[in-house]
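J.: Right, I'll just put the structure down here and ask away after.
No value in this document is a laboratory result; all are computed from the given coordinates. Because the structure is a prediction, the values reported are computed rather than measured. Positions of Cβ are generated from backbone atoms using ideal geometry, with glycine treated the same way; all protein chains shown enter the neighbour counts.
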Amino acid sequence: MDIFLQVLIGAVLQGALYTLGAFGLSLSFGVLKILNLSHGDFLTLGGFLGFFALTYLGINPFLSASIAGLLGCGLGWLFYQGLISRIVGRSFRQMLTTSVMITLGVSLIIEDTTSFLWGGGSTGIPYQLSNIEWGGVVFPLLRVTLLAGTVFLTIGLHLFLTRTYIGRAVVAASMNPVGATVVGIDTRFVGMLTFALGIGLAAGTGVFYATLYSIEPFMGLGLTLKYLAIIIVGGMGSLPGALLGGFIIAASESYTTYYIGAQWSPLIAFTILILALLIRPQGLLGKAEA
Amino acid sequence: MTAKFTCPEVRRSKRRSGLILLAAAMAGAALVPVLGTSYHISLVFFLFISITLASTYDILAGFTGYLNLGHAAFFGMGAYVFGITIQAGGGTALALVLTPIVTVIFSVAIAYPLFRLRGAYFGIATFGVLNVMGVLATNLRDLTGGTTGLSIPPTVSTEITFYMAGVVCFAAILLNTWIATSRLGLGLLATREDEEVAEGSGIGTMRIKIYAMALSAVLPSFAGAAYMWQTTYIDPASGFGSGVAFAPVIMAMLGGSGTVIGPIIGAIFLTVIEEVLWSHVGYLQLTMYGIVLVCVGIFMPGGLMRSNYFAKFYARIGLPDHYGYQPSRLLRIMSEDSK
């Protein structure tokens, strides 16, 4: 039973990280209808930034996560202005195919350049805090703090999307772009903002990710696909959906790794994804398209 | 409602000029083992496989509008079925019969549930299927050899597998030509433009989508068998990895999805670029590959074949529309209206 709980706690934490990384992807897909295959690579970039910030400058991961977040927003803005803005507004099918080409190209560029500069191999951020024990269950303090951080960020995002004007504009633009334009929302600006924000969120999450697990240059695409699985399971563009999807996938992965074997855990995310798509294509908490 | 409903623009004389060009190119390729070195043979062999994968991928993606990101599953499956049959002592003939049968059954089995999905969802789900196949190939060690891969004893000369891949490639191009001018192709194009309207006009969209999926599965399975036969080795990464998965997608998009020539040009273009990068530049090859992709995505959204330069070029050499720009003028007008 202890082990069951222990695995559950690990899964909750991993789920929280999955959610944070996935949510940016979900938002930008919802608003822009662009499949960003390079999303996971920005998480890797953030992780590397956190690693260098700690080893060379001694900046602690919590600070460098916010720096990475800001830098990620900047990078996302550049990415949007330089490449994505040129394909927004093309016909749906063309946008789908060109976005696959462009973002896959960017993903290859980032992965290859980081592995060229870094030299391959995986690394983690060597940062530790002591553990606390309570009722026979060990709570690693670092993980608990990170969990608190992700919960805080998720609540912040939720408030941003439901309480602020810009956040509500984002939601409106993802629900109905034409309707949003009619009521005076600058959907292009909202699209740019969402894209930049999503990438900033991924980069910030990357620091947390590298602190807990390890990162390597070529893991970006795999992560993006896992994120896609999460947001499809939960429902595109829905924050609670992404949370639920993240936890379902993280928990099933953790339990599969523990009870069946680590080699089967890559199967889980995709099996759940395919089942979810077949049983409920709009996602667990998503709304069916009219 | 009979034979009149094939694509109206295609005239016999025009269809022939494309076939003559294709036959000339294939005759040139057939001379490679006679005149070239073993390097040339293996280069053209892999080019054949790339063209086969890209062209058959485009049956679904180009004509039907469904991005099948898991297309490489058919290739990997062909290689594995061929290898496993040979290893079990079934012999080459049985292996060559079993390969397409198993793959087509698999394709139809996954087609029915997957075709309930549309757009990006279909792409992601098919990629999921491919990954599931990859994990299965890794974990079912008794059958597939796990990560160490599956080896068969080398039995034939490279010429035989070369010609096999060549025939498969030729068949793939002919298949695309046939689809571009047939009633089935017209139905697929109508499905691509508007599935509800197509359904309403009496096209059994689900049925023809499954036909398209099955047709697109046959030749890649043979390509996989030829690959297995020549290299005598397959592992999960080279059968179901994301490298194999994205190559045909990128080739078709680069050349021009929804045309017969597009995937061929894309495959040749990318193979040449890869050869140049990998043999002359020692580092950052993937980065340059990525830059090419981004540039084509931004500047030539319809692929190389739809850029003005190419369109003029093959208007001049007299290739019919469906080889290049769009399968027929009627549908070109339709698709421009819907933008």
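J.: Which whole number in µm²/s is D for segment A:1-78 by Stokes-Einstein, with the Kirkwood Rh taken over Cα pairs at 10 °C and 1.306 mPa s?
T.: After rounding, the answer is 111 µm²/s.
J.: Stokes-Einstein diffusion coefficient for segment A:147-283 at 4 °C in a medium of 1.567 mPa s, Rh from the Kirkwood formula over Cα pairs: what value in µm²/s?
T.: 78 µm²/s
J.: OK, next. Given a Förster radius of 30 Å and the C-beta distance between A:Tyr213 and B:Ile273 as r, what FRET efficiency does 1/(1 + (r/R0)^6) yield to the nearest 0.05?
T.: Efficiency computed from Cβ-Cβ geometry: 0.30.
J.: Just checking the output field for B:115-128: average partner chain Cβ neighbours within 10 Å of each residue's Cβ?
T.: 6
J.: Ignore the peptide's own chain and count Cβ atoms of other chains within 10 Å of each Cβ in A:266-272; give me the average, rounded.
T.: Mean partner-chain Cβ count within 10 Å for A:266-272: 5.
J.: Can I ask one more? Modelling each spin label as a point 7 Å along the Cα-to-Cβ direction, I'd like the B:Val108/A:Tyr259 distance in nm, to one decimal.
T.: Here the modelled spin labels are 3.7 nm apart.
J.: Any idea what log10 I(q)/I(0) is at q = 0.16 Å⁻¹ for segment B:137-293, Debye with uniform C-alpha scatterers and no solvent?
T.: -1.13
J.: Return the FRET efficiency for the residue pair B:Ala237, A:Leu57: r is the Cβ-Cβ distance, R0 is 45 Å, and the value is rounded to the nearest 0.05.
T.: E between B:Ala237 and A:Leu57, to the nearest 0.05, is 0.75.
J.: Quick one: give the max-minus-min coordinate of the C-alpha atoms of the protein assembly as shown along each principal axis, largest first, in Å.
T.: Taking the Cα atoms of the protein assembly as shown, the three principal extents are 78, 62, 46 Å.
J.: For A:163-174, what's the mean count of beta carbons from other chains sitting within 10 Å of each residue's beta carbon?
T.: 0
J.: Suppose only helical runs count, i.e. DSSP H with n ≥ 4. What mean residue ellipticity at 222 nm does that imply for chain A under -39500 (n - 2.57) per run, divided by all residues and rounded to the nearest 500 deg cm²/dmol?
T.: Taken over chain A, the calculation gives -24500 deg cm²/dmol.
J.: Something else about it: How many angstrom lie between the C-alpha centres of segment A:244-285 and segment B:64-137?
T.: One Cα centre to the other: 22 Å.
J.: What translational diffusion coefficient, to the nearest whole µm²/s, does segment B:12-239 have by Stokes-Einstein, given a Kirkwood radius computed over alpha-carbon pairs, a temperature of 4 °C and 1.567 mPa s viscosity?
T.: Here the translational diffusion coefficient equals 71 µm²/s.
J.: Whole-Å semi-axes of segment B:37-95's equivalent ellipsoid, largest first, each the root of 5 times a Cα gyration tensor eigenvalue?
T.: Semi-axis lengths for segment B:37-95 are 25, 19, 8 Å.
J.: Could you tell me the relative contact order of segment B:12-239? Use alpha-carbon pairs under 8 Å, at least six residues apart, and round to a whole percent.
T.: 38 percent
J.: Give the order of B:Ser242, A:Ser28, B:Ser201, A:Ser254 when sorted by the count of other beta carbons within 10 angstrom, beginning with the fewest.
T.: Ranked by crowding around the Cβ, least crowded first: B:Ser201, B:Ser242, A:Ser254, A:Ser28.
J.: Out of every Cα pair in segment A:21-279, what percent are spaced more than 26 Å from each other?
T.: The answer is 42 percent, as a whole percent.
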